[in-house]
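All remarks here apply to the structure that follows.
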Amino acid sequence: MRVDVDGVAVHLEDGASLLDAVRLAGGELPTLCHDDRLTSVGSCRTCLVRSGGSVVAACVTPAVDGAVVEVTAGELRELRRDAVELIVSALPPRALDGDADGGELARICHELGLAPDIAQGPGGRGRDDTHPYVHLDRDLCIACGRCVRMCAEVQGTFALTLTGRGADTVVAPGTGGSWADSDCVSCGGCVDTCPTGALTEPGLPVGDRARTSGRTRTTCGYCGVGCSLEVLTRDGEIVAVLPDHDGPVNRGHACVKGRFAHGFLHASERLTRPLLRRDGLLTPVSWSEALDHVARGLRAAVAAGGPDAVAAISSARATNEENYLIQKFMRVAVGTNNVDNCSRLCHAPSAAGLTAAFGLSGGTDSLDDVEGADCLLLVGANPVEAHPVVGARLLRRVLHGARLIVADPRTVGLAHHADVHLRSQPGSNVALFNGLAHVMLAEGLVDDDFLRHRVAGLPELTALLAGYGPDRVAALTGVPAGDLLEAARLYGRAERPAIVYGLGVTEHLHGTDGVRALANLAILRGAVGTGHGFGINPLRGQNNVQGASDMGALPDLLPGYAKVTDPAARARAADVWGAPVPDRPGMRIPEMFAAARAGTLQALWIVGEDVCATDPDTVRVTEALETCPLVVCQELFLSETARHADVVLPAAAWLEKDGTFVNFDRRFQRVRPALDPPGDARTDFAAVHALASALGVDLGCRTPAETLAECARMAPLFAGISHERLDREGAVSWPCPDSLRPGEASLYRERFSTSDGLAHLAACPYLPPGETPDDRYPLVLVTGRRWAHYNSGNMTRRTANLQLEGVDLLDLHPADAARYGLGEGDPVTVRSRYGRAVLTAHLSDDMVPGQVFCAFHFPSSGVNTLTSRHADTVTSCPEYKVTAVRLIPGCV
C-alpha cells in the first residue's frame, strides 16, 4: 500500500501502522508506551498524528492505502509535547537527572525542548530493592505497561501486573509481596523496555549504558540456544550484558544466566596461575614449569603404553576452534583417537539416532521453522527452565494458537499450557512413541506418498507396531489410552507439526532407540524434508556441545562426522594435517575412566569439564582420577575435578575468547572477547598451542580464523563457513558446502543424507530401563536442570544467582512427603544402590507419587553419586533419568 507522510510517499506491507509509515519516511515520534516487540496499546498519546481529518495515536492506527498523514505541523508537535509534559509532571525531579543520554524519557524530553524542571511530582511511593537483578523505583513508573507486556508476550512468565487506580497505578509482581518472592525469572526484559528508569539493574544508572568505552557483540556461553549478546565494558569491567535486538535466535531477549550471571569473571576464586601438585598439594608455578611437567608426563605415558595410554576429554564450553585444535593435537601430536566430549553424557544418542534415520547428526529444522508449527510435540524437555529463550518462543506460538502435546513425567513449564500431557513412566519412551505410531498407522494419519518414495523400513515397523495398541501401551507407560489417542490425532492431523525433545529422551539405557522411535513419528507424518512439517529437533544443553562434536572431538569421528575407519576420510585429514590418522576408534569417556582404574590409561587431559560433579557414579570417576598417573585439568576454578588433578591450567572464560560456537539448530555464530583473561590465565586455544610446542609439535592454525578455515578444508559440511562470512552475515547454518550459497537451515528437501538417500524407519521394541523400584528403593529419581543455574554451577554459584536458588532441592509429591514425614524445606537424605546425597525437600503437585526430581548444580550435595552405571547400549550415554532411590528424613 502507498501512504503519504508530509509529502513523502512510502510503500508498506499489509498490517503496518502509521508509526511504521512515519519511520519509513524518515521521521520519529515519541512512543512512551510502545515497544516494537510488543502489542501496541496507544495509552500514552505521545505519538499523535493527523490522518483522515482526525488526530490519532500512530502506534495503534492501521495504515490504509492512499492515507495522507500529517506529522510536523506545529499544533501536532505541541499536542505531543503537552502529552509528554503531562506524564513527566507527575514524576519527581530525579526522573530527568542527567543529560539526554539518561534514558528514553530524558531523550524524548530533550528532543521536545522540555526542561528537567517540569518534573515536580511529590514521590514517596517507595522502592523494591529485594531482587538481586531488578530494582523498582515506584515513583518513576508511568504505568505504560511495557514491562507487563514484555513479561507476558515475550517471556511468557506473566509475573507482572499494574495495580492501583488513576495516578496511583504502578507496576507490581502479580503474586503480591516483594519482587524477590515473585514469579520473576530475571530475564531482564522489563528493565530493557522501561522508558523511565523505574526498573533498573542494581548499581547501573540508566545513562551508564550509553557511557561505555567498549561494546562487544558475542554469543552466550551458557546453554545451547545461542543468544546474541552485546557486552558493555568500561575500564576493564563489564557494565552490562544486553540481549542483541538483531540476534537471530533470541531477537532481543535473554535469560538470567546470559543477561546477568557474569559476576564469576571477577570471583576471588578465579584461577590465574598454573598449579602443580607437589607433596600432595597444588602449588602455583609458571606456565613453562607446568607445561614441561605435562610434556614429560605425556612422553612417559606413550613410552609405557603407546599413544593409546593418553586420552583427552574436550569441552562443550570451548569454542569450535579450540575443540578442533584439541582433537588435532590428540591425533597428530599423540597419535590416538582417544578424544571425546560431554555430548557422550547427553546427546550422543541424538547423533546416533538422527544419523541412522536421516544421515546427519543435527536437528532437521531451524527454530524459526519450528516457531511456525501448528502442532508442537515436546518430549523430555523443560525449555522454560533449561532453555528459557526457546521456551518463551514456543510458548508464544502456543498462545497464538498452536496445539501442544507434552510428554514428560512432571507437570512443569509448558505442560501447564498443553492440550494433552502424556505423563509416562520414566524409561518407557520407546513404548510411548510406538503407541503413537500405532495409532497414526491404524487411523491413516500418515503421508502415504512420502512413505512410498522416500522411506525405507515400513514393513518391519508395521509388523512391530501391531503389538503396541493403546491398551498395552497404557499398561507399559501409565499413560491413559484416551490421552494416547488424542495426542496421536493432534500430531497426525496437523498441517505443520514439529517435534522438540531433550535429555528426557536420550539419557536412558535405550536412549538411541528412543530417538529412533521418536523420529519414526516425523517420518510417518512426512514432516521431514517436505515442507509439510518441521521435523525433529533436539535441544542442546551446553553452549557448544553441538560444535564440539562437529569439530571431531569424538573417538570415532573426524571433523564433519567423517569416520576414522574410512580410508578416504583419513587420507583427506592426513593431506591437510601432514600426518597420518589412527584407523581404530578411540575410547569413550566411560572407557577412559575404566582404563584409568585398570592401570592402562597413563595420562588424562580434561578441558573445562567437572567430571567429578557431572558424570554418573562419581565415586568411581574420582577413583579413576586418583589412579591415573597424570591428570591435567584446564578450568576457571578449582572444581571438584581440578582438586584431583596433578596439573591445573588457568583458563579463559567465554567472555574472554575469540572464535565460534554452534547452537542447537546448527548455526555457526561468532564469539568475541570483551575482556582479557585475568592474571596468567589463557584461552584453551593458546594452552593447546603451548602444550604442542612443549612437545616440539607445530599444529599450524595460528589464529582461530585460520583454524576454522582449515576445518572447512577438511569437512565439506563446513566448507562455506568462515570468520569473515560470519562477521558479515551474523550466523550461517551447516551444511554449507559453498561460500557463495546460504547454509541449509532446513534439511533433506531433495534427498536424505543416508547411503540410499532414504529416511529409515526403525522397528525398536520396548525394553525396560536399567533401574526398577523395589521394596528397598521404592522411588524413581529423575535428574535435570533448574532455571537459575547451569550444569555443575561452577559459574552461576559465583554470582547473585545464588540468591535466587541457593541449594539443590528434591521435588516430591505431597503424598510421598507425608509418607516419609517430610515438610517443605526439610533436609532429606537420598540413597541409591550407588551412593547418597543430602538435599532440601520441596513439595510439588507437579510430581507424580513414586517419582522425585533434583538438579546437580551444587556438587557438595552429591547428586551424581546416586546415579547408576547403566548407559545407552549404543552410545554409552548414562541413564540419568531412571535411578531407584529411597528417602531418609534428615542428614543421615
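Only the coordinates and a few stated rules stand behind these numbers; no lab work does. All values derive from a computational prediction rather than experimental measurement. So basically every Cβ, Gly included, is an ideal-geometry build from the backbone, and we count neighbours across all protein chains shown.
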Subject >> the chain, relative contact order [Cα under 8 Å, separation at least 6], % >> reply: 13
Original post:
Mind checking which lysines have their C-alpha under 21 Å from residue 257, skipping anything on the same chain fewer than 8 residues away?
Top reply: 657
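With a ≥ b ≥ c taken as the square roots of the eigenvalues of the C-alpha gyration tensor of region 1-86, please select rounded if a/c is under 1.5 and otherwise prolate if a/b is larger than b/c or oblate if it is not? Before the final figure, lay out the partial values.
Details: a/c = 1.91, a/b = 1.26, b/c = 1.52.
Verdict is oblate for region 1-86.
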Original post:
Which Cα, out of 61, 875, 681, lies furthest along the positive dipole direction of the chain (beta carbon charges, K/R +1, D/E -1)?
Top reply: 875
Original post:
Using unit Cβ charges (K, R positive; D, E negative) and no other charged atoms, how large, in debye to the nearest 20, is the dipole of region 348-539 about its Cα centre?
Top reply: 100
Original post:
Is the shape of region 286-400 best called rounded, prolate or oblate, per the rule: a/c under 1.5 gives rounded, else a/b larger than b/c gives prolate, else oblate, with a ≥ b ≥ c the square roots of the Cα gyration tensor eigenvalues?
Top reply: prolate
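Return the calculated 222 nm mean residue ellipticity for the chain, to the nearest 500 deg cm²/dmol, obtained by summing -39500 (n - 2.57) across DSSP H runs with n ≥ 4 and dividing by the residue count.
Working: 29 runs with 255 residues, N = 892.
-8000 deg cm²/dmol, from helical runs alone.
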**OP:** Determine the sum of side-chain charges near residue 839: Lys and Arg each +1, Asp and Glu each -1, restricted to other residues whose C-beta is under 11 angstrom from that of residue 839.
**Re:** -2
**OP:** Please work out the C-alpha center-to-center distance from region 694-725 to region 262-302 and express it in whole Å.
**Re:** 27
Subject >> Ranking of 551, 587 by count of other Cβ atoms within 10 Å, fewest first >> reply: 587, 551
**OP:** Mind computing the radius of gyration and Dmax over the alpha-carbon atoms of the chain? Å is fine for both.
**Re:** 28.4, 91
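Please label the shape of region 348-539 as rounded, prolate or oblate, based on the square roots a ≥ b ≥ c of the eigenvalues of the alpha-carbon gyration tensor (a/c under 1.5 means rounded; beyond that, a/b larger than b/c means prolate, else oblate).
Numbers: a/c = 1.30, a/b = 1.14, b/c = 1.14.
Rounded, because the longest to shortest axis ratio a/c is under 1.5.
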**OP:** May I ask for the angle, rounded to the nearest 10°, between helix 704-714 and the longest principal axis of the chain, with both axes built from Cα atoms and the value confined to 0 to 90°?
**Re:** 60
**OP:** Run down the aspartates and glutamates and flag those whose C-alpha is under 15 Å from the C-alpha of residue 563, throwing out any fewer than 8 positions away in its chain.
**Re:** 340, 550, 583
Original post:
Taking Cα atoms, how many degrees apart are the long axis of helix 567-577 and the longest axis of the chain, rounded to 10 and kept between 0 and 90?
Top reply: 70
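Can you pull out the chymotrypsin sites (Phe, Trp or Tyr not before Pro) in region 538-610 whose DSSP state is coil and whose Cβ has at most 16 other Cβ atoms within 10 Å? All intermediate terms of the calculation are to be shown ahead of the outcome.
Details: sites: 561, 577, 593, 605; in loops: none.
Here no loop site has a sparse enough neighbourhood.
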